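Visitor: Please read through the structure below; I'll follow up with questions.
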Amino acid sequence: MHIEGRLWIDLYPVAGQVGRVNIQSSRPLQAAQIFEGKTAQEVLMQLPLLFSVCGIAQGTAAVRAFQQALAQVASIPVDAARALLVQMETAREHLWRILIDWPQFLEEPAEERHAAPLHSMLRTLRKALFMDGDGFSLQTELQVGQGALTDLIDTLDEMLTSLVFGCAPAQWLQIANPDGLNDWARREKTIAARLLQWVSRQGWQGLGAAESRLLPDLPEAELDRQLDAPGAGRFIAEPVWNDSTCETTPLARQSEYALIKLLSHSYGNGLLTRLVARLVELARIPATMRKLLEQPDTVCATHVRGALPEGTGVGQVEAARGRLVHRVVLEEGHVSRYQILAPTEWNFHPSGVVARGLGSLPYTDEVTLRRQAALLINAVDPCVGYELRIH
């Protein structure tokens, strides 16, 4: 059994522009209630069976929530090992979009053969890090195989070189401005380079640019208050922070990167900026993993800690698609309440960044609009399937 659901995205073009957008979700947002009455260990064993997307990030958020609820002090080396897994999972998810989805926009076959090894690499990494190959038990023990880990990171680096960038990721990250990016896109033949070049030829660099507030650090005490309030179900389904919808995406994480700043100045948070933000994040992952391996004490929490009621824990993780939050309340060693707030609910909020971006699209014909909308949706990336309907 998997907790998934689906999005329905309806566009209503009028007078040369989309204008009206309606986003509805069938995601079972209260499905985490099945954990109620279970022990921490039972929940941590069941989680991988329920989440087929970003299961590593889900497990990490859950462990962090339980550790806090049980007043356990997180081990820095174990936390760093889990962060390594999250980084590899993020690389897998980004590469999957690039190798499977991006070719379709150029009417080419998906590169499934090249994407297939990504799953086994993640499994191998888990076995190289943890005694039981799990990593999401409260009693997890490390067995760091330094050589195997270094080899895996090197393999990822080589995959990115050959499949995405046409050069070493560290070298690609030296591209300093849009002109350099254009030169790279014209020179290389990878699917990533060709898609960027095609988007620029269409004049679609700023497609879907819309006002958006980036999700800030979320203080745990305030998150706990929101998730404990009578309106918590509405907050999980359609979250807002300080009366604003927010986005939590690779672009949000890479917004301070120099090249992204320059692209944002020219094209806002439109299509090209979002596509490049995914590439920037992907290119930075091998170096991030090496730093985690060599300096585990550099692990940075993505949240602001605060005092929570006894037996309550909040875990936050930057998953591939954005900020993931788990909250647990324990009573006499068993879960009395479990809640999950996923990035899709922020990004695909009915009034959020995707809705505003789609609403800004021009309308000349249905075929073009469908392609433009699919590109923008993919660039933000829901963690579930969707159906796009044009009326």
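The values are calculated or read from the model by the stated rules, or taken from the named source; none is laboratory data. This one's a predicted model, so the numbers in the text were calculated from it and none came from an experiment. Methodologically, a virtual Cβ is constructed for each residue, glycine included, from the backbone with ideal geometry; neighbour enumeration extends over all protein chains shown.
Visitor: Return a yes/no flag: does the range 5-27 have any residue that is touching a residue at least 40 places away in the same chain (Cβ under 8 Å), within 29 Å of G357 (Cβ to Cβ), part of a helix (DSSP H, G or I) and of a type outside the set (S, T, Y).
Guide: Checked the range 5-27: no residue is touching a residue at least 40 places away in the same chain (Cβ under 8 Å), within 29 Å of G357 (Cβ to Cβ), part of a helix (DSSP H, G or I) and of a type outside the set (S, T, Y).
Visitor: I'd like the full set of residues that are under 18 Å from E345 (Cα atoms) and surrounded by 21 or more Cβ atoms within 10 Å (Cβ to Cβ), limited to the range 206-217.
Guide: Hits for the range 206-217 are S212, L215.
Visitor: For A252, state whether it is outside any loop (DSSP other than H, G, I, E, B), closer than 22 Å to A319 by Cα and modelled with pLDDT under 95. Break it down stepwise before answering.
Guide: Details: outside any loop (DSSP other than H, G, I, E, B): yes; closer than 22 Å to A319 by Cα: yes; modelled with pLDDT under 95: no.
Here the answer is no, as A252 does not meet what is asked.
Visitor: Given the criteria hydroxyl-bearing (S, T, Y), over 13 Å from V353 (Cα atoms) and surrounded by fewer than 18 Cβ atoms within 10 Å (Cβ to Cβ), does S244 qualify? Walk me through it before giving the result.
Guide: On the way: hydroxyl-bearing (S, T, Y): yes; over 13 Å from V353 (Cα atoms): no; surrounded by fewer than 18 Cβ atoms within 10 Å (Cβ to Cβ): yes.
Here the answer is no, as S244 does not meet what is asked.
Visitor: Something else now. Touching a strand residue (DSSP E or B) at 6+ places or on another chain (Cβ under 7 Å), part of a helix (DSSP H, G or I) and surrounded by 20 or more Cβ atoms within 10 Å (Cβ to Cβ): is that true of V86 in this structure?
Guide: On the way: touching a strand residue (DSSP E or B) at 6+ places or on another chain (Cβ under 7 Å): yes; part of a helix (DSSP H, G or I): yes; surrounded by 20 or more Cβ atoms within 10 Å (Cβ to Cβ): yes.
Yes, satisfied.
Visitor: Out of the range 302-355, which residues are in a loop (DSSP other than H, G, I, E, B) and among the small types (G, A, S)? Full working, then the answer.
Guide: Our first condition is that a residue be in a loop (DSSP other than H, G, I, E, B); within the range 302-355, this holds for 302-303, 305-311, 320-321, 332-333, 342, 348-352.
Within the range 302-355, G306, A307, G311, A320, G333, A342, S351, G352 qualify.
Visitor: Additional query: Give all pairs with beta carbons closer than 9 Å in which a residue from the range 267-281 that is hydroxyl-bearing (S, T, Y) meets a residue that is outside any helix (DSSP H, G or I); count only pairs at least 6 apart in sequence or on separate chains.
Guide: Listed pairs, sorted by first residue: Y267/Q205; Y267/G206; Y267/L207; Y267/A209; T273/Q205; T273/G206; T273/A209.
Visitor: Counting just the residues of the range 187-232 that are of a type in the set (D, E, K, R) and under 17 Å from D243 (Cβ atoms), which one comes out farthest from the chain's Cα centre (by Cα)? Full working, then the answer.
Guide: Step one: of the range 187-232, the residues of a type in the set (D, E, K, R) are 187-189, 194, 201, 211, 213, 217, 220, 222, 224-225, 228.
With under 17 Å from D243 (Cβ atoms) added as a condition, the list becomes 211, 213, 222, 225.
Working: E211: 20, R213: 17, E222: 23, R225: 25 Å.
Checking each candidate, the answer is R225.
Visitor: Would you check if V43 is in a loop (DSSP other than H, G, I, E, B), crowded, with 17+ Cβ neighbours inside 10 Å and either in contact with a strand residue (DSSP E or B) (Cβ under 7 Å, 6 or more places away or on another chain) or at pLDDT below 95 (or both)?
Guide: Numbers: in a loop (DSSP other than H, G, I, E, B): no; crowded, with 17+ Cβ neighbours inside 10 Å: yes; either in contact with a strand residue (DSSP E or B) (Cβ under 7 Å, 6 or more places away or on another chain) or at pLDDT below 95 (or both): yes.
So V43 fails the test.
Visitor: Pick out the one residue from D179, D132, D151 that is over 30 Å from H265 (Cα atoms) and assigned to a helix (DSSP H, G or I).
Guide: Numbers: D179 fails: over 30 Å from H265 (Cα atoms); D132 fails: assigned to a helix (DSSP H, G or I).
Just one listed residue meets the conditions, D151.
Visitor: Check L358, L282 and return the single one that is in contact with a strand residue (DSSP E or B) (Cβ under 8 Å, 6 or more places away or on another chain), assigned to a helix (DSSP H, G or I) and at pLDDT 95 or above. If you could, list the steps in order and put the result at the bottom.
Guide: Numbers: L282 fails: in contact with a strand residue (DSSP E or B) (Cβ under 8 Å, 6 or more places away or on another chain).
After applying the criteria, what remains is L358.
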